[in-house]
Amino acid sequence: MEWRDVGILLNTREHGESSAILDVLTSAHGRHAGIVRGARGSKLSAAMQPGAQLSVEWRARMEDHLGNYRIEPIKSRASMLMEDRTGLAAFNAMSALILQFVPEREADYDFYDATHELVEDLCTRPRGWPGSYAFWELVFLSAVGFGLDLDRCAATGTRRDLAYISPRTGRAVSRETGGPWADKLLPLAPFLTGDGTVTMAGVRSALYTSGWFLENRVCPAMERESLPEARDRLVRLFERYELAPRPKKADGNDDRRESWYRRIGVVRQVPHRA
C-alpha cells in the first residue's frame with residue numbers, strides 16, 4: 001500500500017532511538033500518522049517542526065498498519081508561528097483539537113482547506129486573524145458531526161439581526177424571537193453572520209459558544225472528559241488580546257472572509273447603514 005499527498009504537520013513524537021512518528025493532516029487522506037526512520041539528528045529534523053507544509057509518501061504492507069513516511073519539506077512555518085505567542089497558542093489549540101477529536105484516515109477536503117487557511121493566517125496575522133480561528137472552530141464542529149446552522153432564524157426564517165443560538169438545536173435565533181428566552185440561549189457573535197466586523201469581544205463570545213458545544217456535545221459523544229488544555233490556554237490569552245487599530249482608509253470589509261462564510265453555510269449580511 002502506498003500513496004502521495006501534501007499536508008500540515010501537527011505533531012512529532014519520538015519513536016525508538018532515532019525515528020519519529022509524525023501526525024499529519026493531509027489533503028486527501030485525512031489525519032494520518034506514519035514513521036520517519038532515522039529522523040532524529042538528520043537534516044530532516046529542521047523540517048519536522050509543527051506547522052510545516054510537507055509532501056509525504058506513505059507506505060505500508062497493509063492498509064491498517066502504521067506505515068512509514070518519506071517526507072519532503074514544502075514550507076517551514078516554525079519561525080513565523082514563534083513570532084507571536086498568541087498565534088502559536090492558536091496553532092497548538094487547533095492541533096490539539098484535531099488530534100483529540102478528528103478520526104484518523106477519513107478524508108475531508110473542506111476541513112483541510114479551512115485548516116490550511118487558518119494556519120496561513122496564524123503566520124501572517126492579518127488584523128482580524130482571531131476571527132479566522134473562531135470561524136475555524138465552527139468548521140471543526142461540522143467536521144466532527146456537530147455543525148451549527150447560522151444562516152437564518154430557526155423560528156421565522158429571517159437572516160436579519162441574528163443574535164442567539166439554541167443550545168438544543170444548534171440553530172440561529174433572531175434577537176426579537178429569542179429575547180424572552182435570552183438567558184437560556186447562547187450568544188451569536190455578529191461577525192459570524194457578516195453583521196459587523198471582527199472584534200475581540202465578538203471572538204470571545206464566539207469561542208464561548210463553540211466551547212459550549214465542544215464540551216457538552218463533542219466531548220460526551222467521543223467519551224472525552226474535557227477539552228485540551230491548549231484550547232483553555234488560548235481562551236485565556238484572548239481575554240487580554242486586542243486587535244491592532246483599524247487603518248484609517250480601511251474599507252470596512254478587510255476582515256470579512258468570504259471563504260469562511262461559505263464554509264459555515266452562511267449568506268453574509270451587509271450591515272444596515274444609517
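The values are calculated or read from the model by the stated rules, or taken from the named source; none is laboratory data. Everything numeric here is computed off the predicted structure, so don't read it as measured data. No Cβ is skipped: glycine too gets one built from the backbone with ideal geometry, and neighbour counts run over all protein chains shown. Heavy atoms of the whole protein, side chains included, go into the accessibility calculation; ligands, DNA and RNA do not. Shrake-Rupley method; radii C 1.70, N 1.55, O 1.52, S 1.80 Å.
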Which one of the conditions (1) open to solvent by less than 40 Å² (accessible area, probe 1.4 Å); (2) part of a helix (DSSP H, G or I) does HIS116 fail to meet, given that it meets all the rest? (1)
Collect the residues in the range 182-220 that are within 18 Å of LEU243 (Cβ to Cβ), outside any helix (DSSP H, G or I), in contact with a Phe, Trp or Tyr (Cβ under 8 Å, 6 or more places away or on another chain) and open to solvent by 10 Å² or more (accessible area, probe 1.4 Å), keeping them in residue-number order. THR197, THR199
Among the residues of the range 137-148, the number that are in a helix (DSSP H, G or I) and open to solvent by 10 Å² or more (accessible area, probe 1.4 Å) is 4
Here is a check on your reading of the model: is ALA134 open to solvent by less than 40 Å² (accessible area, probe 1.4 Å), touching a Pro at 6+ places or on another chain (Cβ under 9 Å) and at pLDDT 95 or above? no
Verdict on GLN100 being touching a residue at least 40 places away in the same chain (Cβ under 8 Å), under 20 Å from the mean Cα position of the chain (by Cα) and open to solvent by 60 Å² or more (accessible area, probe 1.4 Å): no
Among (1) hydrophobic (A, V, I, L, M, F, W, C); (2) open to solvent by less than 10 Å² (accessible area, probe 1.4 Å); (3) without any contact (Cβ under 8 Å) to a residue 40 or more places away in the chain, there is one condition ALA47 misses while meeting the rest; what is its number? (2)
List every residue pair whose Cβ atoms sit under 7 Å apart, with the two residues 6 or more apart in sequence or on different chains, where the first one lies in the range 168-181 and is open to solvent by less than 40 Å² (accessible area, probe 1.4 Å) and the second, anywhere, is assigned to a helix (DSSP H, G or I). GLY170/PHE213
Look at the range 65-85 and say how many of its residues are over 30 Å from GLU2 (Cβ atoms) and either of a type in the set (Phe, Trp, Tyr) or surrounded by fewer than 17 Cβ atoms within 10 Å (Cβ to Cβ) (or both). 5
Do you know which residues across the range 16-52 are touching a Gly at 6+ places or on another chain (Cβ under 7 Å) and assigned to a loop (DSSP other than H, G, I, E, B)? SER18, SER27
Pairs, first free of Cβ contacts under 8 Å to residues at least 60 places away in the same chain in the range 68-89, second of a type in the set (Ser, Thr, Tyr), C-beta under 8 Å, six or more apart: ILE71/SER55; GLU72/SER55; PRO73/SER55; MET80/THR124
Condition test on ASP161, is it within 20 Å of the chain's Cα centre (by Cα) and of a type in the set (D, E, K, R)? no
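So, ASP254, is that one modelled with pLDDT under 95, surrounded by fewer than 15 Cβ atoms within 10 Å (Cβ to Cβ) and of a type in the set (Asp, Glu) or not?
yes
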Return yes or no: is ARG13 basic (Lys, Arg), more than 23 Å from the chain's Cα centre (by Cα), open to solvent by 50 Å² or more (accessible area, probe 1.4 Å) and over 24 Å from ARG125 (Cα atoms)? no
Does GLY38 fit the bill of being within 17 Å of LEU234 (Cβ to Cβ) and either of a type outside the set (Lys, Arg) or surrounded by 18 or more Cβ atoms within 10 Å (Cβ to Cβ) (or both)? no
When residues of the range 53-64 are limited to those that are in a loop (DSSP other than H, G, I, E, B) and either in contact (Cβ under 8 Å) with a residue 60 or more places away in the chain or closer than 15 Å to LEU22 by Cβ (or both), the one most open to solvent (accessible area, probe 1.4 Å): ARG61
Among ALA107, ALA163, which is the only one that is touching a strand residue (DSSP E or B) at 6+ places or on another chain (Cβ under 6 Å) and not in a helix (DSSP H, G or I)? ALA107
